[in-house]
Amino acid sequence: MKTKKILPQLLTLLFIVLIFGFFTMNAQENMDTRGIEFGFSFLKQEASFDIQFSLIDYDGSMSYARAYLVGLLNTLLVSFIGIILCTILGALVGIARLSPNYLIRKTATFYIEFFRNIPLLLQIFFWYFAALRALPMPEDAPLLLGSSFLTIKGLYTPAPVWNNLDIFMITLIIALILIFFFNKYAKKKQEEDGTQYPKFFISLAIFVLLPATTFLIGGVDLSFSFPVLKQLALTAFTFEGGMGIPPELIALTLALTLYTATFIAENVRAGIQGIGKGQKEAAASIGLTPSQVLKLVIMPQALRIIIPPTTNQYLNLTKNSSLAAAIAYPDLVLVFAGTAMMQTGRAIEIVAITMATYLTISLAISALMNWYNKRIAIQEK
Amino acid sequence: MNKINLLKPNKENLNLFLLTGTLFFALGILDFYLNNFLGKNITSFLPGFISFFTPLIFGMMGLYFIRIEFSGIKLLDKLNKNINTSNFNAALSVSIIILIIFSVVPILNWFILDANFVGETKEACTGDGACWVYIKVWLNRFIYGMYPNAEQWRVNATFIIVLAFGGLGYFIPLQFKKYLTLYYAILLPIISFLLIYYLISGGEFGLEWVETGAWGGLSLTFIVSFFSLIFCFPIGMLLALGRRSDLPIVRYSSLSFIEFWRGVPLITVLFMSAVMFPMFLPDGTYVDKLIRVIVAITLFEAAYTAEVIRGGLQALPRGQYDAAKSLGMGYWRLHLLVILPQALKLVIPGIANTFLALVKDTPLIFVVGLLELVGMLNLAKTNPKWLGFSMEGYVFAGIIFWIICYSMSRYSQNLELKYKTDR
């Protein structure tokens, strides 16, 4: 009986050890013949290449480690924007799928079936190479919303110029902490004697009013710098000032949002449909108003179904953002696994670091999701 | 003669309200149409802001007038119930109708009315619409890649033979039905591999050798997805069983394998197969690019398949295991004869989704330099004789992929219904 348990395990172990051993031995041999030393010291060397778009200060004289950070931040930026936009769009389309209005229902279905069945890479190419290339040149670009320009070279919007931004940020964090404690208190109060506060409006008031007071008394000041058309040469124009959003970022965000939102919409629909009619009727029969039914009975249960698969989609979006490399948006893969690897030739270290980074993000979000799942799971006897 | 209150549509003056409503609705659409496609603004006497919204206002008024309950006209009742239950719904309906007209008319113009279909060169494209001549001229390349024109019959023949062998399963006599899984899981992949090796790759039997770098286009999409799909299924099944095993080493190694592949993007896996994998092999050994790519995609998708199958295994009640064990079945007989057939039936939609994702992931192989359909498009786009037709190319590829993926998802839905057994 015991051999039956030990033998397969031994075989598995042997198999793994053999494969890893074989690979390491070969890698060692290959690196020896090429005279490469395994190690991560190259990260401190000068990168000597430029990156088109970066959130932090960067130029070619900085290290590879800095370039890695720029790439990572760009990946996180596009994922963050994509996650917010696709959540909003997905929730709207998911609700529209259940609308009693025939036209809205069918339009939502059409949107979902259309965008989810076309490869994401193709969509990114379409937006970048076909759709955004049809935009006007800077000198012909019309004014949008009184301040922005959408051109073939990207979107130019006013950039905020802050004074004493740190004070503003600190107040914002204090406001968030206050909201957290207020909600905790409101929940406790409701469980104790049933009093309900307008939680959302009070939270919103704290969130808006507290930071707003810093403008009056904290010396915080906000102004905008507007993009202005500037002539470089006879036919070459560009915009100066303001904030320039590169077309790569726009195309990538658009494609990621439109693609991922279809999956989120289906999750939302399944979540709302998954709540039995009996729940609604039972809630109504104990005298809750329709808005209370939605807020206190339907949504908490629907969210329990919606959130786990939706987190998965967020993860997918983050991983899919690596397709940025195809249109030269300087994300982690393009900057690090592309340019940096070409220059240093350190394939093993760089691919390992890149994979480890994505793995860390994925595992962290998975862990968070498991924790959340445990917290909201129905306690059954 | 009783007074007519125009603001309260009622059944008594049904025809009058119906007429007014339809007129208003038509006026709204006409206003929109003239404004957008003929450049005439019939409401230009109004301030710009209001003039912009007139189609919406007219349409809503029209729908308001025909909102009459129990009118006795079947069509009207149905219309009201579906798109016109309240003012809010009416506004949404009108906006959607306007949006549809707004997008369908230019798309139709571009697609068919202004498009060019005849000709052989770029000069044949004179209209404002799509230049389908481009697709026509390049179609060969889009399907076969750089495969030599004279040899393309070999690709066709391979696909036809594989399809025929695949379809054979339907006509198999009843007494051999139990070997069907064996046939599909082992025999068919071997046959297809041999066919591709000897017929498409060539080099023997007097056939000219064509290197894998020349393969491409849609046929490469099919080859990569077909093999990855066939191999990722058994590997995923083993991984799923491994993850639920009682043996700690087996369980944890399966778990870490699955979590590793699920945690990284496919593009980095392909990077790994392209630049890191050769370092792991003895000096001088060369594994074909295509095989490396297929292995990479297979391992990647196997991890996802494993998670889907695990869901099915978990959903089976314990009683199934206990009952099979009490009959004296061992581990493999228990799983192959009792557990897996039931579990797989449960996870058909999940597996179909994984396969769909696999097909949609194939364009990514451009990172290692293999050019399937999307890669060929990007190549054709840069051809100096055919500059400026990227839109046509992407639309064409989009339609092809959409048809493949949509029919796959439809088929899986049918399969799900077919195998749905009440428990």
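The values are calculated or read from the model by the stated rules, or taken from the named source; none is laboratory data. All figures in this text were calculated on a predicted structure; none of them were measured in a lab. Counting neighbours? That spans all protein chains shown, and the Cβs are built from the backbone with ideal geometry, glycine included.
List the number of the failed condition for A:ILE36; all other conditions in (1) in a helix (DSSP H, G or I); (2) within 14 Å of chain B (Cβ to nearest Cβ) hold.
Answer for A:ILE36: the failing condition is (1).
Condition (residue is within 13 Å of chain B (Cβ to nearest Cβ), of a type in the set (S, T, N, Q) and touching a Pro at 6+ places or on another chain (Cβ under 8 Å)) applied to the stretch A:300-317: is it met by at least one residue?
For the stretch A:300-317, residues within 13 Å of chain B (Cβ to nearest Cβ), of a type in the set (S, T, N, Q) and touching a Pro at 6+ places or on another chain (Cβ under 8 Å): absent.
Is it the case that the stretch A:24-31 has a residue that's surrounded by 12 or more Cβ atoms within 10 Å (Cβ to Cβ), more than 11 Å from chain B (Cβ to nearest Cβ) and either on the phi > 0 side of the Ramachandran plot or at pLDDT 80 or above (or both)?
no
Report, by residue number, each residue of the stretch B:378-408 that is buried (at least 23 other Cβ atoms within 10 Å of the Cβ), at the interface with chain A (Cβ under 7 Å from one of its Cβ atoms) and either of a type in the set (Gly, Ala, Ser) or at positive phi (or both).
If the condition is that a residue be buried (at least 23 other Cβ atoms within 10 Å of the Cβ), at the interface with chain A (Cβ under 7 Å from one of its Cβ atoms) and either of a type in the set (Gly, Ala, Ser) or at positive phi (or both), then B:ALA397 is the only one that fits.
Residue under question is A:SER362, and the condition is that it be touching a helix residue (DSSP H, G or I) at 6+ places or on another chain (Cβ under 6 Å), of a type in the set (Gly, Ala, Ser) and within 12 Å of chain B (Cβ to nearest Cβ); does it hold?
Numbers: touching a helix residue (DSSP H, G or I) at 6+ places or on another chain (Cβ under 6 Å): yes; of a type in the set (Gly, Ala, Ser): yes; within 12 Å of chain B (Cβ to nearest Cβ): yes.
Yes, satisfied.
Out of all the residues in the stretch A:86-116, which are under 30 Å from A:VAL351 (Cα atoms) and away from chain B (no Cβ under 11 Å)?
Step one: list which residues in the stretch A:86-116 are under 30 Å from A:VAL351 (Cα atoms), which gives A:86, A:116.
Of everything in the stretch A:86-116, just one residue is under 30 Å from A:VAL351 (Cα atoms) and away from chain B (no Cβ under 11 Å), namely A:CYS86.
Take A:LEU55 and tell me if it is more than 14 Å from chain B (Cβ to nearest Cβ) and in contact (Cβ under 8 Å) with a residue 24 or more places away in the chain. So that I can check it myself, show each step before the final result.
Numbers: more than 14 Å from chain B (Cβ to nearest Cβ): yes; in contact (Cβ under 8 Å) with a residue 24 or more places away in the chain: no.
Criteria not met by A:LEU55.
Sort out which residues of the stretch B:119-136 are more than 25 Å from the chain's Cα centre (by Cα) and at pLDDT 75 or above, and write them in order of number.
If the condition is that a residue be more than 25 Å from the chain's Cα centre (by Cα) and at pLDDT 75 or above, then B:VAL133 is the only one that fits.
Considering only the stretch B:290-400, give the helices (runs of 4 or more DSSP H) lying wholly within it that have at least 3 residues that are closer than 16 Å to B:ARG244 by Cβ and at pLDDT 85 or above. Show your work before the answer.
Numbers: elements: B:318-326, B:340-346, B:348-361, B:373-381.
In the stretch B:290-400, B:318-326 are the helices (runs of 4 or more DSSP H) which contain 3 or more residues that are closer than 16 Å to B:ARG244 by Cβ and at pLDDT 85 or above.
Could you figure out which of (1) under 30 Å from B:PRO282 (Cβ atoms); (2) part of a loop (DSSP other than H, G, I, E, B); (3) among the aromatic types (Phe, Trp, Tyr) isn't true of A:PHE42?
(2)
When you go through B:GLY330, B:GLY375, B:GLY319 one by one, which is the residue that is under 28 Å from B:VAL269 (Cβ atoms), small (Gly, Ala, Ser) and either within 11 Å of chain A (Cβ to nearest Cβ) or surrounded by fewer than 17 Cβ atoms within 10 Å (Cβ to Cβ) (or both)? Spell out how you get there, then give the answer.
On the way: B:GLY330 fails: under 28 Å from B:VAL269 (Cβ atoms); B:GLY319 fails: under 28 Å from B:VAL269 (Cβ atoms).
On inspection, the qualifying residue turns out to be B:GLY375.
When you look at A:VAL297, is it closer than 23 Å to A:LEU98 by Cα, in the same structural domain as A:TYR68 (by TED's automatic domain parsing), free of Cβ contacts under 8 Å to residues at least 60 places away in the same chain and part of a helix (DSSP H, G or I), yes or no? It would help to see each step written out before you state the result.
On the way: closer than 23 Å to A:LEU98 by Cα: yes; in the same structural domain as A:TYR68 (by TED's automatic domain parsing): yes; free of Cβ contacts under 8 Å to residues at least 60 places away in the same chain: yes; part of a helix (DSSP H, G or I): yes.
The answer is yes for A:VAL297.
Any residue in the stretch A:86-110 that is at negative phi and without any contact (Cβ under 8 Å) to a residue 40 or more places away in the chain sitting within a Cβ distance under 8 Å of a residue that is basic (Lys, Arg) and not in a helix (DSSP H, G or I)? List the pairs, counting only those 6 or more apart or interchain.
A:ARG105/A:ARG97; A:THR109/A:ARG97
Within the stretch A:84-100, how many residues are crowded, with 21+ Cβ neighbours inside 10 Å and of a type outside the set (D, E, K, R)? Break it down into steps so the answer makes sense when it comes.
First, pick out the residues of the stretch A:84-100 that are crowded, with 21+ Cβ neighbours inside 10 Å: A:86, A:90, A:93-94, A:96-97.
From what's left, of a type outside the set (D, E, K, R): A:86, A:90, A:93-94, A:96.
Selection size over the stretch A:84-100: 5.
Quick check, is B:ILE107 within 30 Å of the chain's Cα centre (by Cα) and in contact (Cβ under 8 Å) with a residue 24 or more places away in the chain? Lay out the reasoning, then the answer.
Values: within 30 Å of the chain's Cα centre (by Cα): yes; in contact (Cβ under 8 Å) with a residue 24 or more places away in the chain: no.
No; evaluated as a whole, the condition is false for this residue.
Could you list, in sequence order, all residues of the stretch B:233-253 that are more than 18 Å from B:PRO341 (Cβ to Cβ), surrounded by 16 or more Cβ atoms within 10 Å (Cβ to Cβ) and either in contact with a Ser or Thr (Cβ under 6 Å, 6 or more places away or on another chain) or within 12 Å of another protein chain (Cβ to nearest Cβ) (or both)?
As a first pass, look at the stretch B:233-253 and keep what is more than 18 Å from B:PRO341 (Cβ to Cβ): B:235, B:239, B:242-243, B:245-253.
Restricting the remaining residues to those that are surrounded by 16 or more Cβ atoms within 10 Å (Cβ to Cβ) gives B:235, B:239, B:242-243, B:245, B:247, B:249-251, B:253.
Answer for the stretch B:233-253, where residues must be more than 18 Å from B:PRO341 (Cβ to Cβ), surrounded by 16 or more Cβ atoms within 10 Å (Cβ to Cβ) and either in contact with a Ser or Thr (Cβ under 6 Å, 6 or more places away or on another chain) or within 12 Å of another protein chain (Cβ to nearest Cβ) (or both): B:LEU239, B:GLY242, B:ARG243, B:SER245, B:LEU247, B:ILE249, B:VAL250, B:ARG251, B:SER253.
Have a look at B:LEU113, B:LEU19 and point out the one that is at pLDDT 80 or above and surrounded by fewer than 16 Cβ atoms within 10 Å (Cβ to Cβ).
B:LEU19
Conditions tested, residue by residue: (1) out of contact with any helix residue (DSSP H, G or I) (no Cβ under 9 Å at 6 or more places or on another chain); (2) surrounded by 18 or more Cβ atoms within 10 Å (Cβ to Cβ); (3) aromatic (Phe, Trp, Tyr).
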{"position": "A:THR33", "(1), (2), (3)": "yes, no, no"}
{"position": "A:GLU37", "(1), (2), (3)": "no, no, no"}
{"position": "A:SER41", "(1), (2), (3)": "yes, no, no"}
{"position": "A:GLN45", "(1), (2), (3)": "no, no, no"}
{"position": "A:GLN52", "(1), (2), (3)": "no, no, no"}
{"position": "A:TYR58", "(1), (2), (3)": "no, yes, yes"}
{"position": "A:SER61", "(1), (2), (3)": "yes, no, no"}
{"position": "A:ALA65", "(1), (2), (3)": "no, no, no"}
{"position": "A:GLY71", "(1), (2), (3)": "no, yes, no"}
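Could you please let me know if A:ALA130 is assigned to a helix (DSSP H, G or I), touching a Ser or Thr at 6+ places or on another chain (Cβ under 9 Å) and buried (at least 18 other Cβ atoms within 10 Å of the Cβ)? Before you say what the answer is, go through the steps one by one.
Details: assigned to a helix (DSSP H, G or I): yes; touching a Ser or Thr at 6+ places or on another chain (Cβ under 9 Å): yes; buried (at least 18 other Cβ atoms within 10 Å of the Cβ): yes.
Considered against the rule, which asks whether it is assigned to a helix (DSSP H, G or I), touching a Ser or Thr at 6+ places or on another chain (Cβ under 9 Å) and buried (at least 18 other Cβ atoms within 10 Å of the Cβ), A:ALA130 comes out as yes.
Which of the residues belonging to the stretch A:259-276 are closer than 13 Å to A:GLN301 by Cα and among the hydrophobic types (A, V, I, L, M, F, W, C)?
Correct list: A:VAL268, A:ALA270, A:ILE272, A:ILE275.
The rows are residues; the columns are (1) of a type in the set (Asp, Glu); (2) within 15 Å of A:TYR68 (Cα to Cα); (3) within 12 Å of another protein chain (Cβ to nearest Cβ); (4) surrounded by 15 or more Cβ atoms within 10 Å (Cβ to Cβ).
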{"residue": "A:SER321", "(1), (2), (3), (4)": "no, no, yes, yes"}
{"residue": "A:ILE327", "(1), (2), (3), (4)": "no, no, yes, yes"}
{"residue": "A:LEU332", "(1), (2), (3), (4)": "no, yes, yes, yes"}
{"residue": "A:PHE336", "(1), (2), (3), (4)": "no, yes, yes, yes"}
{"residue": "A:ILE348", "(1), (2), (3), (4)": "no, no, yes, yes"}
{"residue": "A:LEU368", "(1), (2), (3), (4)": "no, no, no, no"}
